[in-house]
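*Asks:* Let me begin by handing over the structure; questions about it come next.
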Amino acid sequence: MFATEWSPDGWRSRPAVQQPEWPDAPAAETALDELRGLPPLVFAGEARQLTESLAATAEGKGFLLLAGDCAESFEAFSADTIRDKLKVILQMAVVLTYSTGVPVTKVGRIAGQFAKPRSEPTEARSGTELPSFRGDIVNGFAFDAEARKADPTRLVRAYNQSAATLNLLRAFTKGGFADLSRVHAWNLEYVATSREGKRYEALAQEIERALRFMAACGIDLDGELQLHEVDFYTAHEALVLAYEEALTRRDSLTGDWYDCSAHLLWVGERSRQPAGAHVEFLAGVGNPLGVKLGPTATPEEAVALCERLNPRRRPGRLVLFSRMGADRVVQGLPPILRAVTMAGHPVVWACDPMHGNTFVHDSGYKTRRFEDVMRELRGFFAACETAGAWPGGVHIELTGDNVTECLGGTEEVLDEHLEQRYETMCDPRLNARQSLDLAFQVSELLRH
Ligand code: PEP
Ligand code: CO
């Protein structure tokens, strides 16, 4: 039997979970046609560069920081929101790099992170049942029949917002904003006075002193590009497969297929069936890939996914995101670590300490405890240490805005604060203070 060649639409013959049903099928075709004609958002060469960084990380010579919104929104789209999110990620990266001496690969859940998997296809409120909100790329957040109808023009709007976001990110990271001499300027106003903010400020001063010292030694800092620019990559869950397919292009240099909607794509906990459509699609694109592994993942499944997505065992191709929950990581992760290592798969081991720790608070808000997030991270680091695996990264939901969505942290978000600034459309995010606190604590775990 000969394997037929992979093609971008090959997923269509597999069972595809979590796909929108467009009531107006011709309109969906029109939107997808338009997407097929639009320029790629990222280049294959950039995706390969990210693969190289991740290959070093898989070997213990780097650390992956993947962070951003749970769901980007059409409404909350502004230059300030993008800038502030980038500030927090740059701050976290500086903390991690400076405190551990390990290079940090920076990847945003941004410029394409619109689609959301849902546990139920419909949502009922006081007797009314409507389709669930699947992210702004599919339908509207408001609980009314019109908004919840899947609207394919949203696919094109998501593309356009991604392009504009990426354009600004490229300007910020290559145009002076991310220059290491501006390390102070990334401290957000509401963070600066907090304990983490002051700790960051002290670290920023040390960096400035080091830069002045090097300049005084006669080193031409202006000529050192790494001090003035940052490589910043984008990632999202490859959920709406028709969208991903429409942005998949053949690289003119290598002839390989790349999903040019983002540098890294991941498959979620709900759509990672080894014989399913999402895995079939991702198996054929050249981008670096992520796989979420929740508490029900078995070692056999994890190995099967590695075989399917990285049969040639290329280092840097695959990141496994453990998202077991604080109570389960210590039991759940080690058998997977052992099985994947035994099978000879050179993956990046990373921890998503967010998605296994979500619960509905008495007030009705979906939330997470900062302490559970840290507890899962400690469990992850311990499991990696025991298995002799390098703890290669974290996957965090955060925002630069001063939200009160996750409980705890040093300037504690208390139960009664949840309602004050709860702004997420989907999962609760860490605010910048909590994110910075996390970065300091992860640095300590890494140094260990
Ligand atoms: C997410 O990352 O927003 C998500 C839905 O994660 P998971 O697939 O791990 O539940
Ligand atoms: Co989420």
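The values are calculated or read from the model by the stated rules, or taken from the named source; none is laboratory data. All figures in this text were calculated on a predicted structure; none of them were measured in a lab. For neighbour counting, all protein chains shown are included, and Cβ atoms are generated from backbone atoms with ideal geometry for every residue, glycine included.
*Asks:* All but one of (1) more than 22 Å from L436 (Cβ to Cβ); (2) without any contact (Cβ under 8 Å) to a residue 40 or more places away in the chain hold for A111; state the number of the condition that does not hold.
*Replies:* (2)
*Asks:* What are the residue pairs meeting all of these: first residue in segment 143-159, first residue over 14 Å from E21 (Cβ atoms), second residue of a type in the set (K, R), Cβ atoms under 8 Å, and 6 or more apart or on different chains?
*Replies:* F143/R125
*Asks:* Find the residue count for segment 402-437, including only residues that are within 16 Å of ligand 2 (Cβ to nearest atom) and not aromatic (F, W, Y).
*Replies:* 14
*Asks:* I'd like to check something: does segment 44-62 contain any residue that is within 19 Å of the chain's Cα centre (by Cα), touching a residue at least 40 places away in the same chain (Cβ under 8 Å) and within 28 Å of F141 (Cα to Cα)?
*Replies:* no
*Asks:* Scan segment 376-399 for residues that are out of contact with any Leu (no Cβ under 6 Å at 6 or more places or on another chain) and within 16 Å of ligand 2 (Cβ to nearest atom) and jot them down.
*Replies:* Passing the criteria: E376, V394, I396, E397, T399.
*Asks:* What is the residue count in segment 304-326 for residues that are of a type outside the set (D, E, K, R) and more than 22 Å from the chain's Cα centre (by Cα)?
*Replies:* 2
*Asks:* Would you please name the residue that is nearest to T410 (Cα to Cα), looking only at residues in segment 356-383 that are free of Cβ contacts under 8 Å to residues at least 40 places away in the same chain, of a type outside the set (D, E) and more than 16 Å from ligand 1 (Cβ to nearest atom)?
*Replies:* Result: R369.
*Asks:* Go over the candidates L169, L227 one by one and state the one that is assigned to a helix (DSSP H, G or I) and in contact with a strand residue (DSSP E or B) (Cβ under 8 Å, 6 or more places away or on another chain).
*Replies:* Residue meeting the stated conditions: L169.
*Asks:* Which residue pairs have Cβ atoms closer than 9 Å, lie 6 or more positions apart in sequence or on different chains, and pair a first residue in segment 414-441 that is closer than 22 Å to G140 by Cβ and hydrophobic (A, V, I, L, M, F, W, C) with a second residue that is within 16 Å of ligand 1 (Cβ to nearest atom) and not in a loop (DSSP other than H, G, I, E, B)?
*Replies:* From segment 414-441, the pairs are C426/K366; C426/E397.
*Asks:* What number of residues within segment 198-249 are polar (S, T, N, Q) and within 16 Å of ligand 1 (Cβ to nearest atom)?
*Replies:* Residues that pass the stated criteria total 1.
Matching residues to (1) more than 16 Å from ligand 2 (Cβ to nearest atom); (2) touching a strand residue (DSSP E or B) at 6+ places or on another chain (Cβ under 9 Å); (3) under 26 Å from K366 (Cα atoms):
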{"residue": "D24", "(1), (2), (3)": "yes, no, no"}
{"residue": "E29", "(1), (2), (3)": "yes, no, no"}
{"residue": "L35", "(1), (2), (3)": "yes, no, no"}
{"residue": "E46", "(1), (2), (3)": "yes, yes, no"}
{"residue": "F74", "(1), (2), (3)": "yes, no, yes"}
{"residue": "F77", "(1), (2), (3)": "yes, no, yes"}
{"residue": "D84", "(1), (2), (3)": "yes, no, yes"}
{"residue": "V88", "(1), (2), (3)": "yes, yes, yes"}
{"residue": "I110", "(1), (2), (3)": "no, yes, yes"}
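*Asks:* Does segment 404-434 hold any residues that are within 16 Å of ligand 1 (Cβ to nearest atom) and either assigned to a strand (DSSP E or B) or in contact with a helix residue (DSSP H, G or I) (Cβ under 9 Å, 6 or more places away or on another chain) (or both), and which are they?
*Replies:* Passing the criteria: C406, R429, L430.
*Asks:* While we're on this one: Looking only at residues that are exposed (fewer than 14 other Cβ atoms within 10 Å of the Cβ) and part of a helix (DSSP H, G or I) in segment 7-26, which one is farthest from the chain's Cα centre (by Cα)?
*Replies:* P26
*Asks:* Now, a different point. Within segment 55-88, work out how many residues are more than 16 Å from ligand 1 (Cβ to nearest atom) and within 18 Å of A171 (Cα to Cα).
*Replies:* Selection size over segment 55-88: 11.
*Asks:* In contact with a helix residue (DSSP H, G or I) (Cβ under 8 Å, 6 or more places away or on another chain) and under 20 Å from S119 (Cβ atoms): does that describe M374?
*Replies:* It is false that M374 is in contact with a helix residue (DSSP H, G or I) (Cβ under 8 Å, 6 or more places away or on another chain) and under 20 Å from S119 (Cβ atoms).
*Asks:* Are any residues in segment 391-403 more than 16 Å from ligand 1 (Cβ to nearest atom) and not in a loop (DSSP other than H, G, I, E, B), and if so, which ones?
*Replies:* Answer for segment 391-403, where residues must be more than 16 Å from ligand 1 (Cβ to nearest atom) and not in a loop (DSSP other than H, G, I, E, B): P391, G392.
*Asks:* Which of the following residues is surrounded by 13 or more Cβ atoms within 10 Å (Cβ to Cβ), farther than 16 Å from I82 by Cβ, touching a Gly at 6+ places or on another chain (Cβ under 7 Å) and at pLDDT 95 or above: L203, L264?
*Replies:* Going through L203, L264 in turn, the sole match is L264.
*Asks:* Something else now. Filter segment 119-134 down to the residues that are in a loop (DSSP other than H, G, I, E, B) and in contact with a Ser or Thr (Cβ under 9 Å, 6 or more places away or on another chain), then identify the one that is surrounded by the most Cβ atoms within 10 Å (Cβ to Cβ).
*Replies:* Only one residue tops the list, namely S132.
*Asks:* Looking at (1) free of Cβ contacts under 8 Å to residues at least 40 places away in the same chain; (2) touching a helix residue (DSSP H, G or I) at 6+ places or on another chain (Cβ under 8 Å); (3) more than 29 Å from L241 (Cα to Cα), which is the only condition M342 fails?
*Replies:* All conditions are met except number (2).
*Asks:* Related question: What residue, of P353, P335, is within 16 Å of ligand 1 (Cβ to nearest atom) and either closer than 30 Å to H417 by Cα or modelled with pLDDT of 95 or more (or both)?
*Replies:* Result of the check over P353, P335: P353.
*Asks:* So, A204, is that one out of contact with any Leu (no Cβ under 7 Å at 6 or more places or on another chain), touching a residue at least 40 places away in the same chain (Cβ under 8 Å) and outside any loop (DSSP other than H, G, I, E, B) or not?
*Replies:* yes
*Asks:* Continuing with this model, one more query. Quick check on segment 138-146. Is at least one of its residues in a strand (DSSP E or B) and more than 22 Å from G197 (Cα to Cα)?
*Replies:* The answer is no, given that none of the residues of segment 138-146 is in a strand (DSSP E or B) and more than 22 Å from G197 (Cα to Cα).
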